[in-house]
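**Q** The structure's right below; bear with me while I get my questions together.
The values are calculated or read from the model by the stated rules, or taken from the named source; none is laboratory data. Given the structure is predicted, the values throughout are model-derived calculations rather than measurements. Because the Cβ atoms are built from the backbone with ideal geometry, glycine has one as well, and the counts that use them run over all protein chains shown.
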Ligand SMILES: [Zn+2]
Ligand SMILES: [Zn+2]
């Protein structure tokens, strides 16, 4: 890959650092709003990364894994790709604010509509199907595949899950993975981006504040952690970078899609509007709060079956609603495991789908903790 294939697209104060990865010599920069491919004729990246961070996170060092350091799919050439750079920080804040506040307001609106009889079986089906699709995008794609490498799959399938996850409006995939890896490394300690416990004040007011911070407040705080160190593998993955950069467009597409389907099924503009509201906006609202509850509720309420060195809990309600993610103490004890519901009665929809993919040859290198490791960590 020659340097002449790249060009510098933009600069801004939001630029934190340009860096060069050993593999493929592709330069990147990471802003607080996400990770972007940088091109450099003039801006020479200055920092080389190693993947030691992956080992400390149990992402590439699980003794149970067959080939633990494998990437989920091969990186492709990015030499001629032109990538839109730089979203200013204030735009990110505004976007986050809209993503968090508009859905609840819309929910109030559609509840009034539903009260008036304006919720049809088509709307319910659109809400349910978009919820399942985008929730699995987060749990299987963002979390178990991209963040923890708990299994490997083909490029198009990985991309499909990443796109579905992006429709959930929870942030670009590489940024999401970086924040989540930081959460695991510092779980419930000072540098955890969203702990309900770390740094909270005493008394019930401190508890409530800690809970609200872990749930959604952290989205508005400056995450000043050195996020780029957590994702060298994903920065080297051209498909992941492309999907990461397309995040705002994918969110909008995910809102419009159920509207189009609703409009076509009912052959009416009202059907399109209601489909957009129920399958797009309300669905984002519901999944936001289910996902955020893993960070808040599942570090406060539930059982602790394994020694995990933090406050993570197994919460059955979110085990079901979040398709297995609520078995959060299991997950913190064995972060690389593709299966979070480790007991037969701990329903884990995401695991059932990964296992099905494995049976038909579409998932490989599925990682599970050995019986010895399970026994050793039982609290
Ligand atoms: Zn956690
Ligand atoms: Zn995790």
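**Q** Looking at 309, 324, 302, which one is without any contact (Cβ under 8 Å) to a residue 60 or more places away in the chain and either buried (at least 16 other Cβ atoms within 10 Å of the Cβ) or within 16 Å of ligand 2 (Cβ to nearest atom) (or both)?
**A** Details: 309 fails: without any contact (Cβ under 8 Å) to a residue 60 or more places away in the chain; 324 fails: without any contact (Cβ under 8 Å) to a residue 60 or more places away in the chain.
After ruling out the rest, the residue left standing is 302.
**Q** Here's another thing I want to ask about it. Of all residues being touching a residue at least 40 places away in the same chain (Cβ under 8 Å) and either in a helix (DSSP H, G or I) or under 19 Å from residue 284 (Cα atoms) (or both) in the range 327-340, which is farthest from ligand 1 (Cβ to nearest atom)? Just the residue, please.
**A** This residue is 333.
**Q** Would you confirm, using the coordinates I've provided, whether residue 248 is assigned to a loop (DSSP other than H, G, I, E, B), under 15 Å from the mean Cα position of the chain (by Cα) and more than 22 Å from residue 129 (Cβ to Cβ)?
**A** On the way: assigned to a loop (DSSP other than H, G, I, E, B): no; under 15 Å from the mean Cα position of the chain (by Cα): yes; more than 22 Å from residue 129 (Cβ to Cβ): yes.
When the stated conditions are applied, residue 248 does not pass them.
**Q** Of 345, 301, 351, which residue is more than 30 Å from residue 117 (Cβ to Cβ), at pLDDT 95 or above and in a loop (DSSP other than H, G, I, E, B)?
**A** The match here is 345.
**Q** Related question: When both residues are 6+ apart or on different chains and their Cβ atoms are under 7 Å apart, which pairs have a first residue that lies in the range 178-204 and is over 13 Å from residue 299 (Cβ atoms) and at pLDDT below 85, and a second that is part of a helix (DSSP H, G or I) and within 14 Å of ligand 2 (Cβ to nearest atom)?
**A** 191/182
**Q** So if I check each of 359, 377, which one is over 30 Å from residue 253 (Cα atoms), surrounded by fewer than 21 Cβ atoms within 10 Å (Cβ to Cβ) and in contact with a strand residue (DSSP E or B) (Cβ under 6 Å, 6 or more places away or on another chain)? Walk me through how you get there before you give the answer.
**A** Details: 359 fails: in contact with a strand residue (DSSP E or B) (Cβ under 6 Å, 6 or more places away or on another chain).
Result: 377 is the single residue among 359, 377 that is over 30 Å from residue 253 (Cα atoms), surrounded by fewer than 21 Cβ atoms within 10 Å (Cβ to Cβ) and in contact with a strand residue (DSSP E or B) (Cβ under 6 Å, 6 or more places away or on another chain).
**Q** When the range 188-215 is examined, which residues are found to be over 15 Å from the mean Cα position of the chain (by Cα), buried (at least 21 other Cβ atoms within 10 Å of the Cβ) and within 12 Å of ligand 1 (Cβ to nearest atom)? I'd like the intermediate steps shown before the answer.
**A** Looking only at the range 188-215, we keep the residues that are over 15 Å from the mean Cα position of the chain (by Cα), and these are 188-192, 195-214.
Applying the additional criterion that residues be buried (at least 21 other Cβ atoms within 10 Å of the Cβ) yields 192, 195-196, 210, 213-214.
Correct list: 192, 195, 196, 214.
**Q** What number goes with the only condition from (1) under 22 Å from residue 177 (Cα atoms); (2) within 15 Å of ligand 2 (Cβ to nearest atom) that residue 243 does not pass?
**A** Condition not satisfied by residue 243: (2).
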